[in-house]
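Worksheet: one structure, shown below.
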Amino acid sequence: MQEHGYAHRTILSNIECVSKFGKYLEQRNFSSIKQLEGEEGQRILGTYRQYCKANQHWDTNSGIRLFIRALEDSGVLRNLPSRSSSLSYHTEQYADFLLSQRGLSESTIYRHTYWTEKFLCFLGYRKGTPSLPTFDIADVDKFIEQEGSRLQRSTQYSLAGVLKSFLRFLYQSGKLNTDLSCLITSPRLYKLASLPSVLNQDEVQKIIDSVDRSTRVGLQHYGILVLLTTYGLRAGEVANLKLEDIDWRKETILIAQGKTGQDLWLPLTPKVGKAIIQYLKQARPSSKYPELFLLTKAPWTPLTRQNIGYVVNRHIQLAGLSPSQRGPHLLRHSFATNLIRRGVCLKEIGDMLGHRDPNSTYLYTKTAVENLREVALEVPKEVKTWEKN
């Protein structure tokens, strides 16, 4: 805990939590700490959480989690199941297929596994069993109807696509006798039927100005927002940015694009460089992690996409704005739209955003309303005369 920068008071509190946990295990005749490994360890920790809740010991979980992590790091315990290994048997195999055979990104695989887990749970599948419950297309339709009632049309379309892919995988791998994927009907989507919410330059500046840069947290938030608004980056690209990705001599910054799997080199602007330097000198703790942005309190681990989203939404609120959509992608959409308003060509915008498909960039031609007004046609004289009459 000292190595990870925990305060002395927190160290004492966590030690007390671990001591209580040890007494709990001793009273129940646990003979070896190895019993905290794997599924048995998960069961023990779950039972202990219920025990603490019943006895109103609310502050124990964080200390126990830290203790288990320290035992794993030192090799005393094997690593407890990760997110992927805690998936059901069939979903884990499906995730391996998506990665090895289709080469999908981690975020896309996560979306697939999220829906397949919900679908299997809907069917009553019990984890740990290799056999699938019996189901037919009627069950698939019921699941889509249940989940789709609260989803937007685009998300309904995505859900149908995930189920098609999963059912096709089950059929091709011999787990289903019938290919049910061809029986799923996806909702019809109309190209560019909906538009992303965008902010103008003044509103974007209000978000940046809402940051209090006199604090360590403020310097971190300012650096994150400057990166998002200067380059139109995705949340994951900011979270994964490493110290070594910044070439101060060449004044460039390397963006590893998780969605496309390609690297993107961008110029390091003076504003971005100054924001990063201020954060490094005054706010970033020393850490073994190479990521640029770390948590502002112990343990100083790298930020996640969710953390980046919180920063954006927090300062949208502080700026007094109420857009219909929020999150880091709002700033990405605004970045692209504002470039179009300034007359930057679509090819250059697509290159900056890392788009492989030009159609992904064409969307922003509809959000730049002022530019559309400039190309509007004059009303014919015949129509004007008819309106007067």
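How high is the FRET efficiency from Arg126 to Lys288, r the C-beta distance, R0 51 Å, rounded to 0.05? Could the numbers behind the result be given before it?
Values: r = 40 Å, r/R0 = 0.79.
For Arg126 and Lys288, the calculated efficiency is 0.80.
Around Asp209, with a cut-off of 13 angstrom between Cβ atoms, what is the net charge of the other residues, counting Lys and Arg +1 and Asp and Glu -1?
Numbers: positive: Lys206, Arg213; negative: Asp202, Glu203, Asp212.
Residues close to Asp209 contribute a combined charge of -1.
So for the stretch 8-73, what percent of the C-alpha to C-alpha distances run longer than 18 Å? List each step's numbers first, then the result.
Working: 699 of 2145 pairs.
Result for the distance tail: 33 percent.
Determine, from the Cβ-Cβ distance of Ser74 and Lys297 and an R0 of 25 Å, the FRET efficiency 1/(1 + (r/R0)^6), rounded to the nearest 0.05.
Numbers: r = 23 Å, r/R0 = 0.93.
With R0 = 25 Å, the Cβ-Cβ based efficiency is 0.60.
Name the residue from Leu25, Asn55, Ser13 whose Cα lies farthest towards the positive end of the charge dipole of the stretch 8-73, charges +1 on Cβ of Lys and Arg and -1 on Cβ of Asp and Glu.
Checking the options against the dipole of the stretch 8-73, the answer is Asn55.
Which of the peptides 314-327, 213-226 is most tightly packed, and how do the rest follow, going by the mean number of other Cβ atoms within 10 Å of each residue?
Working: 314-327: 14.4, 213-226: 19.9.
In descending order of packing, they fall as 213-226, 314-327.
For the residues Phe143, Phe30, what sequence is obtained by ranking on other C-beta atoms within 10 Å, fewest first?
Numbers: Phe143 20, Phe30 14.
With the fewest neighbours first, Phe143, Phe30 line up as Phe30, Phe143.
So between Thr269 and Arg9, what do we pick up on full extension, going 0.36 nm a residue minus the alpha carbon distance? Walk me through the intermediate numbers first.
On the way: separation 260, 0.36 × 260 = 93.60 nm, distance 4.18 nm.
Contour length minus Cα-Cα distance gives 89.4 nm.
Calculate the spin-label point distance for Glu16 paired with Thr108, positioning each point 7 Å from the Cα along the beta-carbon direction, and give it in nanometres.
According to this spin-label approximation, the distance is 5.1 nm.
Report the label-to-label distance for Ser62 and Glu251 in nanometres (one decimal), using points 7 Å from each Cα along the Cα→Cβ vector.
Calculated label separation equals 4.4 nm.
Between Val217 and Asp139, what is the label-point separation in nm under the 7 Å Cα-to-beta-carbon projection?
Between Asp139 and Val217, the simple spin-label model gives 4.8 nm.
Going by how many other beta carbons lie within 10 Å of each one, how would you line up Lys118, Lys23, fewest first? Each step should come with its number before you reach the end.
On the way: Lys118 15, Lys23 10.
Going from sparsest to densest Cβ surroundings: Lys23, Lys118.
Could you list Tyr279, Tyr289 in order of exposure, starting from the residue whose Cβ has the fewest other Cβ atoms within 10 Å? Don't jump to the answer; show the numbers that get you there.
Details: Tyr279 22, Tyr289 15.
Ordered from fewest to most neighbouring Cβ atoms within 10 Å, Tyr279, Tyr289 come out as Tyr289, Tyr279.
Note down the magnitude of the dipole of the stretch 1-64 about its Cα centre, charges +1 on Lys and Arg C-beta and -1 on Asp and Glu C-beta and zero elsewhere, to the nearest 20 debye.
Details: 8 positive and 7 negative charges, 46 e Å.
My answer is approximately 220 debye.
From the cross-link list Lys53/Lys118; Lys250/Lys271; Lys142/Lys164; Lys242/Lys281; Lys242/Lys347; Lys206/Lys271, which pairs have alpha carbons spaced over 24 Å apart?
Details: Lys53/Lys118 28 Å; Lys250/Lys271 16 Å; Lys142/Lys164 15 Å; Lys242/Lys281 16 Å; Lys242/Lys347 28 Å; Lys206/Lys271 16 Å.
The answer is Lys53/Lys118; Lys242/Lys347.
Each reported figure results from applying straightforward, stated rules to the coordinates on display, with no laboratory input. The shown structure was predicted, so the numbers you read here are calculated from the model rather than taken from an experiment. Positions of Cβ are backbone-derived with ideal geometry, glycine not excepted, and every protein chain shown enters the neighbour counts.
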